[in-house]
Amino acid sequence: MRSATESKVRIQKEDFSVTDEIEFMKKSSRNIGGITVFLGTGRETSKGEKIADLNFEHYPQMAEKKLAEIREKGIADFGLIDMSIVHRIGHIDIGDNIVLIITCGEHRQETFKACEWAISELKRTTPIWKRETTTKGEVWVQATP
Amino acid sequence: MITVKYFANLKQIAGKDEERFDLGKETTLDQVWEAISQTLPQIATLIKEKKIMVAVNYDVVSLDAVVHDGDEIALLPPFSGGS
């Protein structure tokens, strides 16, 4: 498992520690009064089918660029103190961490709103693709709710 | 040279993750699709049916964009990151 690093936008194969990532973000400012965390994890079923294997692929450079844009816009538009986004690629086991978004603000309201916005924006704009293998075969997921 | 990159199911269809075309100093995406259709008609069809987004140098562009020698064009199936 990998600890938080200096970069607040990362795409990596390695797992991450949610606790370490939160502790790292708390160091951003002594004025943080609220933190919201979204953690996406590997589900066991997809459309009623049991998933045997999960894999994520991304477009390097563009994916990092889009995540950095989400972070910058989120901080600016919602008046956050800080935000971090970590997304894993490659093979993911069921139940494993996939994506982590941490939003930090002076108060809770802006962190809730920004966190929900950020994961929706990630799904809409960031070139990352999920491949699921079920009993029916292998499929590149076209969209997720 | 223009580099065209394929991802996810498009990479499987193409059997490669990128290819290069020499289309002069400046060209249109329509001409790039024409070049792709010579060997990968299935992908050209998906582009014409607007089932794929297109990025040039890491930004999504409209299909009437002009591209230049050295540009990187990415064909992007619908995204499914997150979880």
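Remarks
- The stretch A:42-61: number of residues that are among the basic types (Lys, Arg) and on the phi > 0 side of the Ramachandran plot: 1
- In the stretch A:49-85, residue surrounded by the fewest Cβ atoms within 10 Å (Cβ to Cβ) [restricted to those that are part of a loop (DSSP other than H, G, I, E, B) and within 12 Å of chain B (Cβ to nearest Cβ)]: A:60
- Test: residue B:44 is crowded, with 19+ Cβ neighbours inside 10 Å and closer than 27 Å to residue A:139 by Cα: no
- Residues of the stretch B:11-36 that are in a helix (DSSP H, G or I) and touching a Lys or Arg at 6+ places or on another chain (Cβ under 9 Å): B:11, B:33.
- Restricting the stretch A:86-145 to residues that are crowded, with 18+ Cβ neighbours inside 10 Å and of a type in the set (Phe, Trp, Tyr), the residue that is modelled with the highest pLDDT: A:129
- Scanning the stretch A:105-119 for residues that are closer than 28 Å to residue A:52 by Cβ and either away from chain B (no Cβ under 12 Å) or outside any helix (DSSP H, G or I) (or both) returns no hits.
- Any hit, the stretch A:120-135, residues being among the aliphatic types (A, V, I, L, M), under 26 Å from residue B:9 (Cα atoms) and either within 12 Å of chain B (Cβ to nearest Cβ) or assigned to a loop (DSSP other than H, G, I, E, B) (or both): yes
- Taken together, the residues in the stretch B:50-79 that are assigned to a strand (DSSP E or B) and within 9 Å of chain A (Cβ to nearest Cβ) amount to 7.
- For residue B:10, the conditions (1) crowded, with 18+ Cβ neighbours inside 10 Å; (2) out of contact with any strand residue (DSSP E or B) (no Cβ under 7 Å at 6 or more places or on another chain); (3) within 17 Å of residue A:57 (Cβ to Cβ); (4) not β-branched (Val, Ile, Thr) all hold with the exception of (2).
The values are calculated or read from the model by the stated rules, or taken from the named source; none is laboratory data. Predicted model, so just to flag it, every value in this text is computed and none were measured. Cβ: placed from backbone, ideal geometry, glycine included. Neighbour counts: every protein chain shown.
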